[in-house]
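As structure tokens, the structure follows; a few thoughts come after it.
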Amino acid sequence: MLLARNSYLLRRYKEFLESNGFPYRTVAGNSVKKEHYAAISSWNRMKAGERLPAEEVRHLGTVLGMPKLSLRETQLYTKEDFYHWPWPKTWQEAFAALSYRTKMYYQWIMDRGENVLNPRFYLGTIHSVKGDEADHVVLQRDVSSSTMDNINSDHEHRVFYVGVTRARRTLNILAPQTLKAYHV
């Protein structure tokens, strides 16, 4: 669990995780879109010669921007059934609509063998995890200007108390990167 007092401070964690190929989840969902991951998996399997069910092929076609496909639900389909589709060498070429950065991030995740559907990292503000716990917690002490104006209030002490008590086993409190920080 990677925590910060203010949501804009989560950007540091996000950049670190993405540049190192780690999937993560937030209140808004996973960093890897499930529909992208499913389509990439389907594309790789179909490219390798596997036969896929109509529903999976239809989803792949949608993500690739292909027109709506009329497929028989009981039939399995191979790459040869779609000779009119462009079949570049890699999934990165096939998924042209994804940004280069997104494709590299997804590839790093696959190279690392990470569990995309259940990421081991959670990014959140201290407020978003109230009541949750994790074995390992990393807590930033930096705060926004408006939070700094009230840093010695009971409210802010309680907020950081919630942050430090989320850890079941280890708690790592990061050194502040700015002059605006909660001081223990």
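The values are calculated or read from the model by the stated rules, or taken from the named source; none is laboratory data. From a predicted model like this one, the values you see are computed outputs, not experimental measurements. Reconstructed Cβ throughout: ideal geometry from the backbone, glycine too, with neighbour counts over all protein chains shown.
Within the range 49-67, which residues are assigned to a loop (DSSP other than H, G, I, E, B) and either over 21 Å from M104 (Cα atoms) or aromatic (F, W, Y) (or both)? Within the range 49-67, G49, E50, R51, M66, P67 meet the criteria. Screening the candidates N44, N30 for the property of being touching a helix residue (DSSP H, G or I) at 6+ places or on another chain (Cβ under 7 Å), surrounded by 14 or more Cβ atoms within 10 Å (Cβ to Cβ) and of a type in the set (S, T, N, Q) yields one hit, N44. In the range 73-91, the residues that are assigned by TED's automatic domain parsing to the domain that holds K47 reach residues that are β-branched (V, I, T) with C-beta atoms within less than 6 angstrom, at least six apart or across chains, in these pairs: Y77/V57; W91/I40. With the structure loaded, tell me whether E114 is of a type outside the set (A, V, I, L, M, F, W, C), within 27 Å of K14 (Cβ to Cβ), part of a loop (DSSP other than H, G, I, E, B) and touching a residue at least 24 places away in the same chain (Cβ under 8 Å) or whether it fails that test. Yes, satisfied. Limited to the range 72-88, what total is found for residues that are modelled with pLDDT under 85 and of a type outside the set (F, W, Y)? Of the residues in that region, 3 qualify. Scanning the range 87-126 for residues that are over 16 Å from S31 (Cβ atoms) and surrounded by 19 or more Cβ atoms within 10 Å (Cβ to Cβ) turns up W91, A94, F95, T125, I126. Among the residues making up the range 112-137, those that are farther than 16 Å from V164 by Cβ and in contact with a Gly (Cβ under 8 Å, 6 or more places away or on another chain) are R112, E114.
Could you identify the single residue in L60, L64 that is at pLDDT below 85, within 25 Å of the chain's Cα centre (by Cα) and either surrounded by 15 or more Cβ atoms within 10 Å (Cβ to Cβ) or among the aromatic types (F, W, Y) (or both)? Write out each step before concluding.
Details: L60 fails: at pLDDT below 85.
Being at pLDDT below 85, within 25 Å of the chain's Cα centre (by Cα) and either surrounded by 15 or more Cβ atoms within 10 Å (Cβ to Cβ) or among the aromatic types (F, W, Y) (or both) holds for just one of L60, L64, which is L64.
Residue pairs whose Cβ atoms lie under 8 Å apart, sitting 6 or more positions apart in sequence or on different chains, and linking a residue in the range 140-152 that is more than 14 Å from R12 (Cα to Cα) and free of Cβ contacts under 8 Å to residues at least 40 places away in the same chain to a partner that is assigned to a loop (DSSP other than H, G, I, E, B) and among the basic types (K, R), are S145/K180; M148/K180.
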